[in-house]
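Since every read-out is calculated from the coordinates, none of them should be taken as a lab result. The structure displayed is predicted, hence computed values, not measured ones. Heads up, the Cβs are rebuilt from the backbone with ideal geometry, glycines too, and the neighbour counts pull from every protein chain shown.
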Amino acid sequence: MTALLKAGLIALATTAPGAALAEWPVDKPITFVIPYGPGGGFDTIVRVLAPELEARLGTTVTPENIPGASGTRGGQAVARAEPDGYTIGIYNIPGLTVSQATETDIGFELGDVTWIANIASDRYALAVAKDSPITTVAELCALDRPIRLSDTGVDSTSSITAVISFSIIGCEIQNITGYSGSNETMIAVMRGEVDATLKPLNSMQGYLESGDLRLLATLSEEPLVEGIPTTTELGYPEISSFGLNRVVGGPPGMPEDLVKKLSDTFMEITASPKFVEWAASTDTGLLPLDAPATEALMLELAKFYEKYAPLLLQTKG
């Protein structure tokens, strides 16, 4: 009897993952959590991905905006969900990576997230309002007061990048936080509430095309926009390495077969001509990575930002 019971448990253990995959997804919708309000870069990319996921998985995929606390509230919602593949989310990295490096309580453990795929890696740009008298980074730094920048929160990736970048340049800044998403931070510039904003270039695209925002520089090594200097050209090559990753993850403890299925599906989508064309039209820098490669990226970024932890802790303090 003991031998039979042991054999049955082994058989159950070896067939459970396959059984889980065979039953997933069924008629239950998949919730895709967006940790910011509507209209920003994270919201846009999820709403482009959702119908493609539906077509390949055969079930409804519902984007859900859960803004607040620099993107951590959405992450908390995913962390509390069942690890059954029906709740996933998109994460702002390295914003949350820095929170981990500075031992900030974000309501969940970043190391416990089940990493599924990296979708894109965007470059940052610095912009002012169209009618701003400021035309260069040097003029921005020449203000007789700290530069006022708009952001969602002190732990957001753009806020962290701004703190480190302007520290390297040698300019004092004041981050005006509390905006619900990148869209709102750019509107704040247009309203004159702040001097400038530092955001992913693709998130700014619509406002640049309409003429409401004007670029001062891109945080890049190679030119990204004709006539706009790069931080490398301005003499700050170290700043050019900063970027924003849009990473998909799930609750802790997701079965490996579900992770692989989702990861493979995201890789199919990001390689499809339709998605590649969309990315090119919106200046979204695709960087598709499967689950193992994404996990490796997260470990690499954690080590990279550890060296900046003292500066960021000083700023928060």
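Some points to look at:
- Furthest towards positive pole of dipole, Leu213, Ala125, Thr114, structure part the chain, Cβ charges: Thr114
- Compactness index (Cα Rg / 2.2 N^0.38 Å), the range 123-241: 0.94
- With 0.36 nm allotted per residue and the present C-alpha distance subtracted, the Glu193-Glu221 stretch has 7.1 nm of extension available.
- With only Cα atoms counted, the chain has Rg and Dmax values of 21.1, 85 Å.
- Under-25-angstrom lysine pairs by C-alpha in the chain, whenever the two are 8 or more apart or on separate chains: 10
- Residue-span extension gain [Ser180 to Ala142] - 0.36 nm each, minus C-alpha spacing: 10.7 nm
- Cβ-based charge dipole, the range 123-241, positive-most Cα from Ser167, Pro223, Leu234: Ser167
- Cα shape, the range 234-279, gyration tensor, a/c 1.5 rule: oblate
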